[in-house]
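In what follows, a single structure is set out as structure tokens and then discussed.
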Amino acid sequence: MSSTVFFAVILAALLHAIWNGMVKGFEDKVISVSAIVFGHVPIAILVMLFLPLPTLESVPYIILSAIIHQGYQYYLISAYKIGDLTRVYPVARGSGPIVATLISIIFLGLLISKIQILSIFLICFGIIILGVFNKKSLKNNKTVIYSLATGFFIGLYSLSDGYGARISLSPLSFLGWSFILNAMIFPFVLKSMNYSNVFSRVMKEAKFIFWIGGTISYIVYGLIVWCFTQAPIPLVGALRETGIIFALLIGSLFLKEKLTLVKIISIFLIFIGVILLKLF
């Protein structure tokens, strides 16, 4: 992984922590998640005005990406309905790169070194323990299942978007079409979960997340998708999740959250994993 790609992913991780901080305090996670999904559309349309169309070969990946994102959003909302953010988020985000790594090695023939595999698992384990070893431990089996299912879909859409972006010849255009299609399908998923008039509620209750959070989220994932075209997807996916370190530091420095022993161990494991990724 080149230094350019490495620091682009780190920048994306930092920005991810910032926009995630915006939605962290929003009580209704259905509205906050929906605000991000719908908030991708304005910036996607604007960006696509200045970019070429993605290649015809990438269209199936655009459709596949939008479908996979429905699974991700469905299980994320389901997990948030019965579980706390501090439990769901680390398990979901930490398990995603593991899924992408296993699929890439077993089914897609990806060759990466043992040190790189170790670094991925160190980063992911460092993230997952935040959800497992906290005051509100994962006692509800459904919370565990939904969180892991969310992580499974994160791994799937990372691979789909990575390979689709590579053949699209325009990663940001690919992402724009994928996000627009995702936002078009998402209301049907919400309706199947007995949520209605969500968009109107977003525009009443979460305009800031819609406009600012959605834009930052698009930029963040746009950087990541570009990095997917430059380096092995599992490595980028794992490094992307280091944003949780920034989230922990932001919480400790600005939100007066306690830096517990578990958080310190988590930061240490993630940091070691990042160093190994960069050096090897």
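Any read-out appearing in this document is the output of simple, stated calculations on the displayed coordinates, not a laboratory observation. None of these values were measured; they are calculated from a predicted model. Reconstructed Cβ throughout: ideal geometry from the backbone, glycine too, with neighbour counts over all protein chains shown.
Here are some notes:
- In terms of its Cα atoms, the chain spans 45, 40, 33 Å along the principal axes, sorted from long to short.
- By the beta-carbon count within 10 Å of each Cβ, the least crowded to most crowded order of K191, K256, K29, fewest first, is K256, K191, K29.
- Contact order, relative form, for the chain: 40 percent (alpha carbon pairs under 8 Å, 6 or more residues apart, mean separation divided by residue count).
- Cross-link pairs K256/K278; K81/K256; K29/K142; K81/K258; K207/K263 - those with Cα-Cα distance over 23 Å: K256/K278; K81/K256; K81/K258; K207/K263
- Longest DSSP-loop-exposure-free segment, GluC sites (Glu not before Pro), the chain, at most 15 other Cβ within 10 Å: 28-256
- Residue among I127, I63, I216 with the largest mean-square fluctuation in a Gaussian network model of the chain, springs linking Cα atoms under 10 Å: I63
- The stretch 1-63 gives an Rg/Rh value of 1.07, both radii derived from C-alpha positions and Rh following Kirkwood.
- Stretch gain in nm, segment S2-F107, where the contour uses 0.36 nm per residue and the Cα spacing is subtracted: 35.2 nm
- Each other residue within a Cβ distance under 14 Å of I120 adds +1 if Lys or Arg and -1 if Asp or Glu, for a net charge of +3.
- For I82 and S192, the FRET efficiency from 1/(1 + (r/R0)^6), where r spans their Cβ atoms and R0 equals 25 Å, is about 0.90.
- Here the calculated FRET efficiency for F133 and I63, from their Cβ-Cβ distance with R0 = 45 Å, stands at 0.70, rounded to the nearest 0.05.
- Report summary: the helix-based calculation at 222 nm, which adds -39500 (n - 2.57) for every DSSP H run with n ≥ 4 and divides by the residues of the chain, gives -26500 deg cm²/dmol.
- Spin-label pair F125-I167: with each label point 7 Å from Cα along the Cα-Cβ axis, the two points sit 3.6 nm from one another.
- Environment charge of Y221, counting only residues whose C-beta is closer than 14 Å and scoring Lys/Arg +1, Asp/Glu -1: 0
- Dividing the C-alpha radius of gyration of the stretch 163-280 by 2.2 N^0.38 Å, with N its residue count, gives 1.35.
- Exposure proxy ranking, count of Cβ atoms within 10 Å, fewest first, for S266, S113, S252: S113, S252, S266
- Förster radius 30 Å - calculated FRET efficiency between K114 and F268 (Cβ-Cβ, nearest 0.05): 0.90
- The stretch 1-149 - Rg over Rh from alpha carbon coordinates, Kirkwood radius: 0.98
- Potential lengthening of the chain between S200 and I185 amounts to 3.8 nm, from the contour at 0.36 nm per residue minus the alpha-carbon distance.
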